[in-house]
Amino acid sequence: MIKFIVIHYTGMKVETSSIKRLCDPKSKVSCHYFIKNNGQILELVPDLFEAWHAGQSKWKNYKSLNKYSIGIEIQNPGHEHGYKKFNKKQVSSILKILKYLIKKYNIKFQNVLGHSDIAPFRKKDPGEKFPWKILAKKKLCHWHNYHETEIFKSRRVKITNLEKEIFLKNLYKIGYGKLKKSSPIKDKKNLAKAFQRRFRQGLVNGEADQECLLISKNLLKS
């Protein structure tokens, strides 16, 4: 049963190479839909077939999300090859395909996710330049209710260790995977970065501050 939509970027410089890789069984990577630089949408795997896009992943009580999700790849060189904004034609296409899939499979807007949401310790895509806020205005994904100018004053304001623990607990309630007590500090930072790339894109530093805490609380209300 399809419950999630997971959005990715290709992380490759050349579009034709991205498509070739996604269509090659030997690469062990695939997706249901591919959005080209010109906005054209390609269907590479039928919706009800499992594609290899999520990998080792977790969201709430679900593990290995390939079984429960549709994967959408968007052409973008990614963080390692000159990460750039998604262009208007690509954004228009993502809005179009999301609206169609959400309606067709009755998917909750909270279940439209980024790859870094479900695999925060190893993935960055679709990254902090992906227009989640535009999607949210169309009710196509989860977002907080704060205005940027209202919440900005809380940025970089330090929080106590207890508040940091509350922040982590809020992330788990939102859906992010739980950390073990023995997990290294690096994992906590990567988890915070995944949250920031999604909900606080103006500063991705892996440090939980008052702004992050307030946004996490707000998301649990909406």
Phe199: touching a residue at least 40 places away in the same chain (Cβ under 8 Å), under 23 Å from Phe86 (Cα atoms) and not assigned by TED's automatic domain parsing to the domain that holds Glu80, yes or no? yes
Given the conditions (1) at pLDDT below 95; (2) buried (at least 19 other Cβ atoms within 10 Å of the Cβ), report the number of the one that Glu150 does not fulfil. (2)
Answer yes if at least one residue in the stretch 109-118 is at negative phi and either more than 13 Å from the chain's Cα centre (by Cα) or outside the structural domain of Leu22 (by TED's automatic domain parsing) (or both), and no otherwise. no
Among the residues of the stretch 31-44, count how many are hydrophobic (A, V, I, L, M, F, W, C) and either assigned to a loop (DSSP other than H, G, I, E, B) or free of Cβ contacts under 8 Å to residues at least 24 places away in the same chain (or both). 3
The stretch 168-193 residues that are more than 16 Å from Lys58 (Cβ to Cβ), paired with ones that are outside any helix (DSSP H, G or I) and of a type in the set (D, E, K, R) (beta carbon under 7 Å, 6 or more apart): Ala192/Glu207
Taking the conditions exactly as written (part of a loop (DSSP other than H, G, I, E, B) and farther than 25 Å from Thr16 by Cβ), does Phe86 satisfy them or not? no
Being under 24 Å from His81 (Cα atoms), surrounded by fewer than 15 Cβ atoms within 10 Å (Cβ to Cβ) and among the small types (Gly, Ala, Ser), is that true of even one residue in the stretch 16-23? yes
When the stretch 149-165 is checked residue by residue, the ones that are without any contact (Cβ under 8 Å) to a residue 24 or more places away in the chain and either acidic (Asp, Glu) or over 30 Å from Pro131 (Cβ atoms) (or both) are Glu150, Thr160, Asn161, Leu162, Glu165
Among the residues of the stretch 62-81, is any assigned to a strand (DSSP E or B) and surrounded by fewer than 21 Cβ atoms within 10 Å (Cβ to Cβ)? yes
Of Leu179, Leu214, Leu219, Leu171, the only residue that is in a loop (DSSP other than H, G, I, E, B) and either among the hydrophobic types (A, V, I, L, M, F, W, C) or touching a Cys at 6+ places or on another chain (Cβ under 9 Å) (or both) is Leu179
Among the candidates Asp47, Asp24, single out the residue that is in contact (Cβ under 8 Å) with a residue 40 or more places away in the chain and farther than 30 Å from Leu168 by Cα. Asp47
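The values are calculated or read from the model by the stated rules, or taken from the named source; none is laboratory data. What you are looking at is a predicted structure, and each value in this text was computed from that prediction instead of being measured. Virtual Cβ from ideal backbone geometry, glycine too; neighbours counted across all protein chains shown.
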